[in-house]
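The values are calculated or read from the model by the stated rules, or taken from the named source; none is laboratory data. Fair warning: this is a prediction, and the values are worked out from it, not measured in the lab. As a convention, Cβ positions derive from the backbone with ideal geometry for all residues, glycine included, and neighbour counts pool all protein chains shown. Heads up: the accessible areas ignore ligands, DNA and RNA and are worked out on the full protein's heavy atoms, side chains in. Shrake-Rupley method; radii C 1.70, N 1.55, O 1.52, S 1.80 Å.
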Amino acid sequence: MSTYKIVFLDSITIGGASLDSIRQLGEFTEYKTTTPEQTISRIENADIVISNKVKIFKAEIDAAKKLKLICVAATGTNNIDTAYAASKGIPVKNVCAYSTESVVQTTFMHILSLVGHSKFYDNYVKSGQYEQSHIFTCPTSQFMKLAGKTMGIIGLGTIGERVAQVAQAFGMDVVYYSTQGKAHNSKYRMMPLNELLATADVVTIHCPLNEHTNALIGFKELQLMKAHAILVNVARGGIVVEQDLADAIDRGIIAGAAVDVFTSEPIGQNHPYLKMSNKENIILSPHIAWNSYEDVDALIMGIAENIRRFLLSLQPHS
């Protein structure tokens with residue numbers, strides 16, 4: 001069997017996890033990071049390219065004359081021109097559902113931190129305010145109980161449905177908005193987006209970024225939400241207009257937000273979320289919802305399996 005050249009363009013994104021299951025499948029070259037200017041030279045002789053977030057569009061595909069397979073080290077494929085790759089007969093393989101439970105866990109980590117004011121209470125004790133108090137508790141800040149509240153889920157796919165199940169365990173009512181406009185889950189009530197935003201106490205986003213969802217949530221939509229409501233985005237940054245969200249929180253239009261994803265990653269020093277006057281009402285994490293060590297291992301095994309199946313498909317059948 002021929003030895004195929006496999007190039008991983010941004011292996012730093014998966015930390016120090018072992019890549020042996022991929023390495024054994026061909027002539028393997030690993031780059032920790034790759035800039036846009038370096039991409040073409042690094043893939044021009046590759047048969048198989050692995051990318052987490054390095055963009056592979058028309059110019060890169062055209063330059064890679066031997067390219068036979070693109071593997072995405074993630075679920076989302078918006079960093080690949082999948083249509084152009086398909087026109088060239090190059091399949092694009094992602095790894096689906098490997099991090100569902102971790103994303104759900106991160107979603108509720110952020111929800112509980114926001115509604116429970118965990119940062120405030122932690123600081124209240126560590127700053128010495130509690131030891132100077134004359135009472136056993138902190139009566140100046142009360143948290144919101146989830147039981148009896150409504151969870152609004154934008155995108156009720158595999159992750160969204162698991163979020164719905166956990167929300168129900170907290171005693172929440174669940175409604176959802178389908179970005180495809182189809183009621184595909186009879187367990188929960190589907191609502192138009194505007195109605196969902198006006199109804200929900202907690203809104204979480206779990207849809208892909210595409211032409212239907214880009215800038216889906218802007219200032220007009222945020223104004224529909226309740227003043228005590230919170231927004232959680234662990235999907236893709238471009239779904240929410242970032243300046244509008246920062247303004248809505250600063251103006252008290254919504255109570256707060258938690259964001260794990262950004263339009264440009266990493267963010268710049270002048271990002272709207274870093275310039276807010278009410279920074280205590282937003283929780284930020286650096287796109288880590290997928291990044292439990294168990295799921296990183298599952299991701300690597302998924303990439304290896306995608307490559308293995310592709311190589312088997314190239315073998316002549318007897």
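Scan the range 74-89 and report the pairs whose first residue is modelled with pLDDT of 95 or more and whose second residue is part of a loop (DSSP other than H, G, I, E, B), with Cβ atoms within less than 6 Å and a gap of 6+ or a chain change.
ASP81/PHE57
Considering only residues that are free of Cβ contacts under 8 Å to residues at least 60 places away in the same chain, open to solvent by less than 50 Å² (accessible area, probe 1.4 Å) and either over 21 Å from GLU294 (Cβ atoms) or in a helix (DSSP H, G or I) (or both), which ones fall in the range 30-60?
THR34, THR39, ILE43, ALA46, ASP47, VAL49, SER51, VAL54, ILE56, GLU60, listed by residue number.
Identify all residues within the range 256-274 that are surrounded by fewer than 19 Cβ atoms within 10 Å (Cβ to Cβ) and assigned to a loop (DSSP other than H, G, I, E, B); write none if there are none.
Passing the criteria: THR263, SER264, GLU265, PRO266, ILE267, GLY268, GLN269, ASN270, HIS271.
Could you list, in sequence order, all residues of the range 115-169 that are open to solvent by less than 60 Å² (accessible area, probe 1.4 Å), within 21 Å of the chain's Cα centre (by Cα) and charged (D, E, K, R)?
GLU161
Among the residues of the range 275-318, what is the count of those that are open to solvent by 70 Å² or more (accessible area, probe 1.4 Å), in a loop (DSSP other than H, G, I, E, B) and in contact with a Leu (Cβ under 9 Å, 6 or more places away or on another chain)?
Summing the residues that are open to solvent by 70 Å² or more (accessible area, probe 1.4 Å), in a loop (DSSP other than H, G, I, E, B) and in contact with a Leu (Cβ under 9 Å, 6 or more places away or on another chain) in the range 275-318 gives 0.
Checking the conditions here, which among VAL203, VAL125 is β-branched (Val, Ile, Thr) and in a helix (DSSP H, G or I)?
VAL125
Looking at the range 195-208, which of the residues that are hydrophobic (A, V, I, L, M, F, W, C), more than 16 Å from ALA289 (Cα to Cα) and in contact with a helix residue (DSSP H, G or I) (Cβ under 9 Å, 6 or more places away or on another chain) is surrounded by the fewest Cβ atoms within 10 Å (Cβ to Cβ)?
Of everything passing the filter in the range 195-208, LEU197 is surrounded by the fewest Cβ atoms within 10 Å (Cβ to Cβ).
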